[in-house]
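To start, the structure itself, in structure tokens.
The values are calculated or read from the model by the stated rules, or taken from the named source; none is laboratory data. Because the structure is a prediction, the values reported are computed rather than measured. Because the Cβ atoms are built from the backbone with ideal geometry, glycine has one as well, and the counts that use them run over all protein chains shown.
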Amino acid sequence: MESASGRTDRPPPRDIRGFRHYPGWLTVDEQRALLTDLRGVAAAAPLFSPVTPSGRAMSVKMTSAGDFGWVSDRHGYRYAPRHPAGGAWPPIPPQVLEIWQAVAGTTRAPECCLVNYYPEGARMGLHQDRDEADFTLPVVSISLGDDALFRIGNLTRGGGTQSLWLRSGDVLVMGGAARLRFHGVDRVAFGSSHLLPQGGRLSLTLRVVT
């Protein structure tokens, strides 16, 4: 598969409970270029610390790019057209859109790129992505920085799960019959990558919202 960059040796996916995992999709140079783009996103829409509707602080920090950003506060989980501080979200970087076009399997363009930063000790409990209008469209995840132990569950809570390590440059497509599987991040192996000077992990998730 050839991308706009001309590279033709992208790795084939492996199926894990219906999720398509592309290990090492991005080269180190591509990861660094994407990180530069994300610094621009964070400059326009600074990372913020979300809270759950119950008032509990999440361990991740987040921002977004695109027409919508995902936010969480006392008013609930939702997509919003503006940053909590009031500004518009910046555009999704072209390199991110290129990855979506290569793996998503749809002509629809993503309307949100949610950027989660996992510092040391951060995690994400098992959850479903259910705030989008059309569950037939996938969620595409891009990993940068430290390794993350990603857990995949079932379409309902409970039952057996399966885990895999997501490493810097990996891409994961959550779609089809597996689109609503519970999933989460058990832990991040802090210091396992040197991509981010401060350590930690960046997770980009692309979604069609409307």
Q) What tally of residues in the range 151-172 results from selecting those that are outside any strand (DSSP E or B) and of a type in the set (A, V, I, L, M, F, W, C)? A) 1
(Q) Of all residues being buried (at least 19 other Cβ atoms within 10 Å of the Cβ) and among the hydroxyl-bearing types (S, T, Y) in the range 124-143, which is nearest to F182 (Cα to Cα)? Just the residue, please. (A) S141
Q. Out of the range 10-38, which residues are touching a residue at least 12 places away in the same chain (Cβ under 8 Å) and among the polar types (S, T, N, Q)?
A. T27, Q31
(Q) Step by step: first the residues of the range 111-123, then only those that are under 12 Å from the mean Cα position of the chain (by Cα) and within 20 Å of Y79 (Cα to Cα), then the one that is surrounded by the fewest Cβ atoms within 10 Å (Cβ to Cβ). Which residue is that? (A) Y117
Q. Of the residues V208, V173, which is in contact with a helix residue (DSSP H, G or I) (Cβ under 9 Å, 6 or more places away or on another chain) and among the β-branched types (V, I, T)?
A. V173
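Just checking: which of the strands (runs of 3 or more DSSP E) contained wholly in the range 1-109 hold 1 or more residues that are surrounded by fewer than 14 Cβ atoms within 10 Å (Cβ to Cβ), charged (D, E, K, R) and out of contact with any Cys (no Cβ under 6 Å at 6 or more places or on another chain)?
The qualifying strands (runs of 3 or more DSSP E) are 14-16, 76-80.
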Q) Under the condition of being touching a residue at least 40 places away in the same chain (Cβ under 8 Å) and within 19 Å of the chain's Cα centre (by Cα), which residue from the range 79-93 is nearest to C113 (Cα to Cα)? A) I92
**Q.** the range 124-145: number of residues that are under 18 Å from M174 (Cβ atoms) and either assigned to a loop (DSSP other than H, G, I, E, B) or free of Cβ contacts under 8 Å to residues at least 60 places away in the same chain (or both)
**A.** 14
**Q.** Number of the condition not met by A148 [criteria: (1) assigned to a loop (DSSP other than H, G, I, E, B); (2) without any contact (Cβ under 8 Å) to a residue 60 or more places away in the chain]
**A.** (1)
Q. Given the conditions (1) buried (at least 16 other Cβ atoms within 10 Å of the Cβ); (2) on the phi < 0 side of the Ramachandran plot; (3) over 12 Å from the mean Cα position of the chain (by Cα), which single one is not true for V185?
A. (3)
Q: Search the range 47-84 for residues being among the aliphatic types (A, V, I, L, M) and modelled with pLDDT of 90 or more, and hand back the single one that is farthest from R187 (Cα to Cα).
A: A80
